[in-house]
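So the structure is just underneath, and the comments pick up after that.
What follows is calculated from the coordinates using simple rules that are stated; it is not laboratory data. If you're wondering where the values come from, they're calculated on a predicted model, not measured in any experiment. With ideal geometry, Cβ positions are generated from the backbone for all residues, glycine too; neighbour counts draw on all protein chains shown.
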Amino acid sequence: MPEFCYKKVYENHRALKINFGHDGRQEVRTIQKGIREYILCKSCESRLNKYEQKFKVYWYDSPGLPEKMGLRYQGIRMAGADYAVIKMFHLSVLWRAGMSEWCKSVSPGPYSKTIGNMLLDGEPPPSQCFPVFGTVLIDDDGYVQHGLVTEPLRSRFERSHAYYMCYAGCEWYFIVTDHPTADEMELARGIDANGNIWMPYERWLKSGTVRTILRRGK
């Protein structure tokens, strides 16, 4: 994840805890800086940076994901997003996870080249393909948990490989397919082509990522 995903942690002088466990092990460490791994040349870094910076402005600056959620509602709708920027930013995170030595569980297979070519060409997939959707992670008082960052975990949804991980205050889900089923296309509405983002809330201890990590640690 880009360094700005850790910004809220630094501003609040809070410890950053990341799960480093692999192969079913739980290994949570407290670190002072985000994880770094050099996997891109300067040219490719500049290509992805344009998505990172535009996502940063939208997500953290204007309009920005609220610091606290209204618990009387079931979720949040954010409007005015640039679909291409949001979709390509998240796909770049998934693609880099697939290239990383740290993220052992991510293996998009032939789709890795497909996603890589989209990032190089600057052409996002149709909104129903490679669905990405998120759940805002909050504490009992409704405050967004920006300090929760996890390695990607692998799962399946119907006939497709799926991954989920926590960053930027949310648990993000990726369904790796360019031939989505009807149910997968429904999930893809979480980030639609008109720039609307729909996300429910979830207490962070109840999220799929956290429950999986805690279960592995037992």
Most to least packed among 49-55, 131-137 [average Cβ atoms within 10 Å]: 131-137, 49-55
For a quick protection proxy, order the peptides 160-169, 118-127 by their average other-Cβ count within 10 Å, most packed first. 160-169, 118-127
Using the Cα gyration tensor of the stretch 73-218, with a ≥ b ≥ c the square roots of its eigenvalues, what is the shape: rounded (a/c below 1.5), prolate (a/b larger than b/c) or oblate (neither)? oblate
